[in-house]
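Structure record follows, encoded as structure tokens.
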Amino acid sequence: MEELQFFNVFNYCFVSPTYLHFDHPTGRYIFRTRNVCWNVTLLTVSVASSLVSAIIIILDLQDLLGNVMGATTIIHHVMRQLIMVPLILWALFYSRTLVNDCTFALKIVQEKFTLLNRTSDRRNVFKLLWLQISIIAVVLFLGLAVQSATVWQIKRLRQFHYIYNLWAFAFLGFITQMHLMLAQCWTLFISHHIEDLVSLLKVDHTPVTLTKVISLWDDLQCFKQRIASTFGIMNVLHTLDAMLTCAVDTYTTFYVYELGLGLKGAFLNLVTMLLYTGTFYAFTYAHELLQCKEAELKNALKSMQYTNITKQTRDQKDFYDLVNLKLMMETPKITACGLFEINLQIFYNVR
């Protein structure tokens, strides 16, 4: 249950409307919505205030509107609004859908515990995920501190709305990174459970176990389809956001450096570009890992047919034939609204 409790951190980070808690009257864990209105209100105020401060800055620096730097700055802010507004609506209107998905995931965990009679050790995975969250938070804060100190040294920019815009923009960037991690973690959840099924098949080849493994795998495939449907539109926007952010921040870094301000002048842009590159790689790698684990499970299931061939009954052979027929069917993929499949190839295209 610890792996599902980890998802509560995304509720504290304002991107997930679900929360897992132990219900004492029923004596079991359940998912429910939590802080939906509070999170939506906070994000709405942050987006609105960031937009107002950005408009004030654009009006103050109208001389920048006629060059490439001004255009890239506007594109950057518009892109942040384009992803934050759907994200807020997603948290509001998909809250019940996500609760149902999480309840389905809870059912899978309970079924696997019944099958294995034990829980898997995920401590190393959790450490890596906590490390990823910590790196995002610390690096963004460090970038903000350096960028704010640099901006404050420029007399023309020594105003409240300039500094506020930096912090609000970085905060919204942190939110988008956390939502990207939420989708990444659900993909890892499926991968780890498929990996456990592969490990079970290596030590237990009985038809009874094989039947239970296939049943649980069907549930995982169904859950994967639900996650793909729930996060489909946001996968499109996250891919577009990563592409534009990396392009704009790379250009801004070189532009500011050539102006003589050095890397300090574009430190926030530099760390943001590196963070988006790293987190988007982790996001696509998680989906690539899922495909590899599915291939391993298929190979393990196929190998069952060739285990103790001479001792197999006719019914067992027919059962294995049905299993192979099932494996020939196309497994569902996690896509961005069906436009493209999420894998490492997407990362290479964005990069």
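Looking for something without any contact (Cβ under 8 Å) to a residue 60 or more places away in the chain, more than 28 Å from Q81 (Cβ to Cβ) and open to solvent by 40 Å² or more (accessible area, probe 1.4 Å) - is there at least one such residue anywhere in the range 248-256?
Within the range 248-256 (the criterion being without any contact (Cβ under 8 Å) to a residue 60 or more places away in the chain, more than 28 Å from Q81 (Cβ to Cβ) and open to solvent by 40 Å² or more (accessible area, probe 1.4 Å)), the answer is no, since none of the residues qualifies.
Quick one: what pairs do we get from the range 273-296, first residue of a type outside the set (D, E), second not in a helix (DSSP H, G or I), C-beta under 7 Å, 6+ apart or different chains?
Close Cβ pairs satisfying both conditions: T277/R351; T284/I342; T284/N343; H287/I334; H287/I342; H287/N343; Q291/N343.
So A282 clears everything in (1) at pLDDT 80 or above; (2) in contact with a Gly (Cβ under 8 Å, 6 or more places away or on another chain); (3) within 26 Å of F169 (Cβ to Cβ); (4) not β-branched (V, I, T) except one condition, right? Which one?
(2)
Across the range 68-105, what is the number of residues that are out of contact with any Phe, Trp or Tyr (no Cβ under 8 Å at 6 or more places or on another chain) and of a type in the set (V, I, T)?
Result for the range 68-105: 8.
Please verify whether V271 is assigned to a helix (DSSP H, G or I), of a type outside the set (D, E) and modelled with pLDDT of 80 or more, treating the condition exactly as stated.
Taking the combined requirement at face value, the residue satisfies it.
Quick one: is T103 modelled with pLDDT of 90 or more and open to solvent by 40 Å² or more (accessible area, probe 1.4 Å)?
Criteria met by T103.
Six or more apart or on different chains, Cβ atoms under 8 Å: show the pairs whose first residue is in the range 72-98 and at pLDDT 90 or above and whose second is open to solvent by 60 Å² or more (accessible area, probe 1.4 Å) and not aliphatic (A, V, I, L, M).
From residues that are at pLDDT 90 or above, the pairs are I88/T44.
Taking the condition of being open to solvent by less than 50 Å² (accessible area, probe 1.4 Å) and farther than 15 Å from S95 by Cβ, how many residues in the range 9-29 meet it?
Matching residues across the range 9-29 total 5.
Working only within the range 118-141, note down all residues that are among the hydroxyl-bearing types (S, T, Y) and modelled with pLDDT of 85 or more.
S134
Do we have any residue at all in the range 258-265 that's crowded, with 22+ Cβ neighbours inside 10 Å, at negative phi and of a type outside the set (D, E, K, R)?
So far as the range 258-265 goes, yes, one or more of its residues are crowded, with 22+ Cβ neighbours inside 10 Å, at negative phi and of a type outside the set (D, E, K, R).
Between a residue in the range 182-211 that is of a type in the set (S, T, Y) and any residue that is not in a helix (DSSP H, G or I), which pairs come within a Cβ distance under 7 Å, given they are 6 or more apart or on different chains?
From residues that are of a type in the set (S, T, Y), the pairs are T187/I334.
Name the residues in the range 247-264 that are within 16 Å of V139 (Cα to Cα) and at pLDDT below 75, would you?
L263, K264
So, in the range 2-27, how many residues would count as being under 20 Å from K112 (Cα atoms) and at pLDDT below 85?
4
The values are calculated or read from the model by the stated rules, or taken from the named source; none is laboratory data. No experiment lies behind these values; they were computed from the predicted model shown. As a convention, Cβ positions derive from the backbone with ideal geometry for all residues, glycine included, and neighbour counts pool all protein chains shown. Side chains included, ligands, DNA and RNA excluded: accessible areas come from the protein's heavy atoms. Shrake-Rupley method; radii C 1.70, N 1.55, O 1.52, S 1.80 Å.
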